[in-house]
Structure formats: C-alpha cells, structure tokens
Amino acid sequence: MSAPERRLATVAILVRDYDEAIAWYTDRLGFSLAEDVDLGGGKRWVTLAGTGGARLLLAKADGGSEIARIGDQTGGRVFLFLETDDFARNHGAMVAKGVSFKEQPRHEAYGTVAVFADLHGNLWDLIEPKS
C-alpha cells in the first residue's frame with residue numbers, strides 16, 4: 001500500500017488590508033489573484049499564485065496578537081523563498097518596481113540569492129537555485 005500523496009499547498013501570511021496586499025503582491029512580485037471569496041464579517045479567502053507551487057493566503061490580522069505579528073511572523077528570519085529561473089531578470093524587475101532588497105545579490109553553493117522585504121517587512125529570499 002503506497003502512502004497518500006501530500007504537498008504543501010498554501011502558506012498564510014498576515015496582512016493589514018486585503019486590497020493593499022493584493023496590489024503589492026500582484027504589481028511588485030507578479031503573482032496572480034487566484035481566489036477572492038467573501039466569507040462575511042469582513043473576512044475573505046484570498047489566495048495568490050505564482051507560476052507553480054504553493055499559493056499564498058492573505059490573512060487579514062484580527063486582534064492584538066495577530067496585528068503585532070504583521071511583518072514579523074518568523075522573528076526576523078527569512079520567511080519565504082521565491083525561486084526564479086533567471087535571477088538577474090527578476091531582481092532587476094523587482095528593483096524597478098520598488099521592492100526593497102536588504103543586500104546585494106550573492107552567489108552561494110546552492111544558487112544566486114538576495115533577501116528582500118515585502119510590504120510589511122517579512123523577509124523573503126529571491127533565489128535561482130544551482131542546476
């Protein structure tokens with residue numbers, strides 16, 4: 001008997017405002033809006049998709065403890081990894097769109113990488129893995 005197939009499908013990220021976050025992730029990172037469903041009571045099911053892999057769920061923070069975690073869901077460590085097949089192309093496009101990179105691109109044993117911050121300050125790696 002084989003194990004059931006499982007994959008990481010969606011990662012939630014806390015945001016201040018759905019529309020602000022949709023605009024930032026679609027305009028600056030090139031994600032597409034996959035779903036935007038009104039759940040009532042001010043809540044929405046909003047997912048964004050890249051060209052493959054997991055989706056990003058925009059979760060509007062509700063209450064003091066969630067609001068306090070906006071932009072720092074991992075204690076200051078890199079939270080998400082955005083892979084590309086052309087680092088220079090994507091890095092240049094992101095810089096041109098105002099994405100804040102925290103360092104110059106660097107070449108590591110695993111690929112070319114640079115850390116950037118999203119609209120709330122969460123840290124991401126833009127990475128072109130070595131083939």
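The values are calculated or read from the model by the stated rules, or taken from the named source; none is laboratory data. Keep in mind it's a predicted model, so treat the numbers as computed, not measured. Neighbour counts are summed over all protein chains in view; Cβ atoms, including those assigned to glycine, are modelled from backbone coordinates with ideal geometry.
Things worth noting here:
- Checking region 19-40 against the condition returns a match, with at least one residue being within 15 Å of residue 123 (Cα to Cα), hydroxyl-bearing (Ser, Thr, Tyr), within 16 Å of the chain's Cα centre (by Cα) and at pLDDT 95 or above.
- Selection within region 97-131 - in contact (Cβ under 8 Å) with a residue 24 or more places away in the chain, in contact with a helix residue (DSSP H, G or I) (Cβ under 9 Å, 6 or more places away or on another chain) and in a loop (DSSP other than H, G, I, E, B): 97, 98, 99, 118, 119, 120
- Checking 58, 8 one by one, the residue that is modelled with pLDDT of 95 or more and either at negative phi or of a type outside the set (Ser, Thr, Tyr) (or both) is 58 and no other.
- Reported count of residues in region 61-96, each being in a strand (DSSP E or B) and free of Cβ contacts under 8 Å to residues at least 12 places away in the same chain, is 0.
- Yes/no for residue 88 being modelled with pLDDT under 95 and aliphatic (A, V, I, L, M): no
- Counted residues, region 53-85 - those being of a type outside the set (A, V, I, L, M), over 14 Å from the mean Cα position of the chain (by Cα) and surrounded by 12 or more Cβ atoms within 10 Å (Cβ to Cβ): 4
- Scanning region 93-124 for residues that are of a type outside the set (Val, Ile, Thr), buried (at least 16 other Cβ atoms within 10 Å of the Cβ) and either over 23 Å from residue 67 (Cα atoms) or over 15 Å from the mean Cα position of the chain (by Cα) (or both) yields 94, 111, 114.
- Leading residue by the ranking (surrounded by the most Cβ atoms within 10 Å (Cβ to Cβ)) among those in region 18-52 that are out of contact with any strand residue (DSSP E or B) (no Cβ under 8 Å at 6 or more places or on another chain) and not in a helix (DSSP H, G or I): 30
- Within region 1-16, the residues that satisfy the criterion of being exposed (fewer than 13 other Cβ atoms within 10 Å of the Cβ) and part of a loop (DSSP other than H, G, I, E, B) are 1, 2, 3, 4, 5, 6, 7, 8, 9.
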